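Only the coordinates and a few stated rules stand behind these numbers; no lab work does. This is a predicted model, so every value here is computed, not measured. Heads up, the Cβs are rebuilt from the backbone with ideal geometry, glycines too, and the neighbour counts pull from every protein chain shown.
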Amino acid sequence: MGDSPKSEETSEKLANRKQIYRASTPRRLLRRTGDKLVDYMNEGARDNAYPDYGAYWRDVQFMDTHNLKELCESLWKELEPLYMQLHAYVRRKLILKYSVDYPELKLTDKGTIPAHLLGNMWAQTWQNIFDIVVPYPNAEESDGNVALIKQDYDVMDMVHLADEFYQSMGLSPMTQEFWDNSIMVKPNDGRGFQCHASAFDIYNGHDFRIKMCTEVNMHDFETIHHEMGHVQYFMEYSDQPAIYREGANCAFHEAIGDTISLSVMTDTHLTKIGLNPKEDKQKDINSLMKMALEKIAFLPFGLLIDRWRWDLFNGTIDEKNLNSMWWKYRKQYQGLSPPVQRTEADFDPGAKYHVPANSPYICYFISFISQFQFYEALCAASEHQGPLHQCDFYQSKAAGKLLGKMLRMGSSRPWQDAMQTITGQREISTSSIREYFRPLMKWLEQQNQGEHIGWE
Ligand code: X8Z
Ligand code: ZN
């Protein structure tokens, strides 16, 4: 298609379009086409009385009543000890695996971890190296990925299973338009396709869609629940006036599907649906480790992307130190180093979808904390007894009712009211995520005795 020569008609149309563009674009904009996006965004923010675009972003996304920057740093300080323990443990396992055969990696027991050893393009979540760091290898007969394949699951089976979980809580089924219009598998017709998963509200009360290039594995099974969480929010607030058809804040929108996934991914639930062949005490620590590789490993990454962009908008970072400051934060927060020497000729943040897409990221950092608050509240509603990380609220109508009540509010009330509706508290708090990982923290502290915690 792209190779065929342009017809006369096409080039004429193109020339016309250019003409229309010239006629309709203010001279000032044409003159400045080479200028930086950051400058334009700051200009818009300053026209609206904000000091810079980062301040505007923090305000619209989060109603900056608590000073979002300080709030994030203080939440991080409370969770950093857990991250540090995980980092030290994973570093030791990577040293055992690689240091003899790959001395050029220069792994040391007090150093940073090279980012390319963590099994993810951005080193944002580390579940893909679970086999290297698994606490009790003998307790793992096979994992969920193998079980999905063995049982002949296809992508649509996974979508139906997710829909069934939401329905089991008394929440709404996906609509006919959802099934008709969603794209769940990468189209194979040669068109360019942005595979980053996303959900769409067409704002007519029944047309809601997901776009994903799903593959049959547990990661994508979780992502289906994540995207369906967005759709549940769209559906529940669809009776609100248009202006309130949004999440109470962006983090809550991101947290809904993940809250459900926390229940789905318990050994308890996976056993119910035949995707977890074995349950015992050692397997329990293994499962917590897998969850930590996803949720705890993510936290500093979730924080640093917007820390970097806020500093770009306020001028602390400029075009002379764009990439070096990125790696400064990668080291400071995540304890990572680049696989090879980087310079200002590289632009590594641009490899992360949300940066060129200009999509805020701090929402995910807050989501990864508040989803555990929601989870704990739904577990209490379902009358769960026992350790938090084993709670499965499948089929709990009480949990569904509580969640639905918050979702229906959309953004018609401040987010603190939404938080109170579901949890009884008005603040973002780390207490639930710390409670969830308490057994793993204890285990890691024992394993890491005598180990250097942190990096030089
Ligand atoms: O972008 C997403 C979702 C779509 S809102 C798939 N997430 C972040 C990412 O992939 O970087 C979910 C977790 C973090
Ligand atoms: Zn999302």
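Mind giving me the FRET efficiency for residue 77 and residue 357? R0 is 22 Å, r the Cβ-Cβ distance, nearest 0.05 is fine. Each step should come with its number before you reach the end.
Working: r = 29 Å, r/R0 = 1.34.
With R0 = 22 Å, the Cβ-Cβ based efficiency is 0.15.
In a solvent-free Debye calculation with one equal scatterer on each Cα, what is log10 I(q)/I(0) for the chain at q = 0.10, 0.11 Å⁻¹, listed in the order of the q values?
For the requested q values the scattering log ratios are -0.82, -0.99.
Project the alpha carbons of the stretch 318-456 onto their principal axes and report the range along each, largest first, in whole Å.
Projected onto its principal axes, the Cα set of the stretch 318-456 covers 55, 46, 25 Å.
Pull out a ≥ b ≥ c, the square roots of the eigenvalues of the alpha-carbon gyration tensor of the stretch 81-192, then state rounded if a/c is under 1.5, prolate if not and a/b is larger than b/c, and oblate in the remaining case. Before the final figure, lay out each step's value.
Values: a/c = 2.50, a/b = 2.06, b/c = 1.21.
Here the stretch 81-192 falls in the prolate category.
For a Förster distance of 45 Å, can you work out the FRET efficiency between the beta-carbons of residue 207 and residue 435, rounded to the nearest 0.05? Working shown, then result.
Details: r = 39 Å, r/R0 = 0.88.
Approximately 0.70, to the nearest 0.05.
Given the C-alpha centroids of the stretch 433-456 and the stretch 113-130, what is the distance between them in whole angstrom?
Taking the Cα centre of the stretch 113-130 as reference, the centre of the stretch 433-456 is 19 Å away.
How long is the gain from residue 109 to residue 49 if the chain were fully straight, where each residue apart is worth 0.36 nm and the alpha carbon distance is subtracted? Provide the component values of the computation, followed by the final result.
Working: separation 60, 0.36 × 60 = 21.60 nm, distance 4.89 nm.
Taking 0.36 nm per residue and subtracting the Cα distance, the gain is 16.7 nm.
Calculate one ³J(HN,Hα) per residue across the stretch 427-437 by plugging θ = phi - 60° into the Karplus curve 6.51 cos²θ - 1.76 cosθ + 1.60, and present them in order as whole Hz with x for glycine and proline.
Once rounded to whole Hz, the list reads 10, 6, 9, 8, 5, 6, 5, 5, 5, 4, 8.
Assuming 0.36 nm per residue, please report the length gained on full extension of the stretch residue 69 to residue 98 beyond their Cα-Cα distance. Don't jump to the answer; show the numbers that get you there.
Values: separation 29, 0.36 × 29 = 10.44 nm, distance 3.78 nm.
Here the answer is 6.7 nm.
What's the FRET efficiency of residue 138 with residue 426 using the Cβ-Cβ distance as r and R₀ = 45 Å, to the nearest 0.05? If you can, show how the numbers build up before the last one.
Numbers: r = 46 Å, r/R0 = 1.01.
My answer for the efficiency is 0.50.
Sort by residue number and name the cysteines in the chain that have no neighbouring cysteine Cβ under 4.7 Å.
Taking the Cβ cut-off of 4.7 Å, the unpaired cysteines of the chain are 72.
Highest mean first, how do 195-208, 405-418, 222-235 rank when packing is the count of other Cβ atoms within 10 Å averaged over residues?
Listed from highest to lowest mean packing, they are 222-235, 405-418, 195-208.
What net charge do the residues around residue 245 carry, taking every other residue with its C-beta under 12 Å from that of residue 245, with Lys and Arg at +1 and Asp and Glu at -1? Please list the in-between numbers first.
Details: positive: 408; negative: 201, 236, 239, 246.
That sum, taken over residues with Cβ under 12 Å, equals -3.
Please state, rounded to one decimal and in Å, the Kirkwood hydrodynamic radius that the stretch 103-262 gives when every pair of distinct Cα atoms enters the mean of 1/r.
On the way: mean 1/r = 0.0552 Å⁻¹.
For the stretch 103-262, the Kirkwood estimate is 18.1 Å.
Report the semi-axes of the equivalent ellipsoid for the stretch 307-383 in whole Å, largest first, where each axis is √(5λ) for an eigenvalue λ of the Cα gyration tensor.
Semi-axis lengths for the stretch 307-383 are 33, 14, 11 Å.
Averaging sequence separations of C-alpha pairs under 8 Å and six or more residues apart, then dividing by the length of the stretch 193-274, give the relative contact order as a whole percent.
Numbers: 85 pairs, mean separation 21.5, N = 82.
With pairs under 8 Å counted, the relative contact order is 26 percent.
Okay, which of the stretch 211-249 sit inside 20 Å, backbone N to the point 7 Å along the Cα-Cβ direction of residue 412?
Output list for this probe position: 230-249.
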